[in-house]
Each structure stands twice: as C-alpha cells, then as structure tokens.
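Step one of this worksheet: look at the structure below.
The values are calculated or read from the model by the stated rules, or taken from the named source; none is laboratory data. Nothing here was measured: the structure is a model prediction, and the numbers come from that model. Here the Cβ is made from the backbone with ideal geometry for all residues, glycine too, and neighbour counts use every protein chain on show.
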Amino acid sequence: MTLYLVEHVPRDDDGDAPGSPTDLVGLARYSIDARHGARWISTFSPDLRDDRHFSIWEAETAVEIEGVMERFGFLAESTIKVFGIRQWGPEDVIAEHEFD
C-alpha cells in the first residue's frame, strides 16, 4: 500500500441544489476494516480560519481514494488533490549519504 496526502478545498457553489450529506461515521467504520482497498487514516487542519483540510490515506491507487470519497459523499462538498507521499526525516538523509 502507498500513503497518500489529500488536500480538500471546499466548493464555492452558490445556489446549487444540495447533494446528499456526507457520511463521516460511515467512512470511519469503513476505514477501520483494513481488508479492503483505500483506507482513511487521519485528517489535519491548518488552523480554525482555514476551511481546507488534509487527510492521510492508505491505498493502492489515487483512484481508489476518489471512489471511497464519492461513495461517502465527500466529492459533492469539496474538490480534492491527491499526492502519493513517502515519510522521511534526518535519519533517512544520513543513511543516504553515509558513504559520501
């Protein structure tokens, strides 16, 4: 599985008919069961005045994440950008340059 960072930006749709509400509890229950594809791990917000948020997912592909988000109603309220990520830090940099 690959880790993904998803940026969620609220839509600015004025006057459109409301869609189905999001099912955050359903997404949470779905994500706890690790026997399937895309799994939501956690969400972060920059601050209280910023409507964007960022979530971390585990999946084989970005398309799987989009499918799960659509299933639980999240694509109706925000646009998303999905990035494959790899966590690294000081130890990784030192290990990479250990023989320089």
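What are the residues in the range 57-68 that are in a helix (DSSP H, G or I) and either without any contact (Cβ under 8 Å) to a residue 40 or more places away in the chain or acidic (Asp, Glu) (or both), if any?
Val63, Glu64, Glu66, Gly67
Where the second residue is part of a strand (DSSP E or B) and surrounded by fewer than 15 Cβ atoms within 10 Å (Cβ to Cβ) and the first is of a type outside the set (A, V, I, L, M) and lies in the range 76-91, which pairs have Cβ atoms under 6 Å and are six or more apart or on separate chains?
Listed by first residue and then by second, the contacts come to Ser78/Val9; Ser78/Pro10; Thr79/Val9; Lys81/Glu7; Phe83/Leu5; Gly84/Thr2.
List the number of the failed condition for Thr22; all other conditions in (1) surrounded by 11 or more Cβ atoms within 10 Å (Cβ to Cβ); (2) more than 11 Å from the chain's Cα centre (by Cα); (3) at pLDDT 90 or above; (4) not basic (Lys, Arg) hold.
Answer for Thr22: the failing condition is (3).
Looking only at the range 25-44, which residues are modelled with pLDDT of 90 or more and touching a helix residue (DSSP H, G or I) at 6+ places or on another chain (Cβ under 6 Å)?
Ala38, Arg39, Trp40
Has the range 45-62 got any residue that is within 14 Å of the chain's Cα centre (by Cα), loosely packed, with under 14 Cβ neighbours inside 10 Å, modelled with pLDDT of 90 or more and among the hydrophobic types (A, V, I, L, M, F, W, C)?
Checked the range 45-62: no residue is within 14 Å of the chain's Cα centre (by Cα), loosely packed, with under 14 Cβ neighbours inside 10 Å, modelled with pLDDT of 90 or more and among the hydrophobic types (A, V, I, L, M, F, W, C).
Being touching an Asp or Glu at 6+ places or on another chain (Cβ under 8 Å) and β-branched (Val, Ile, Thr) is the filter here, so list the residues in the range 52-100 that pass it.
Ile80, Val82, listed by residue number.
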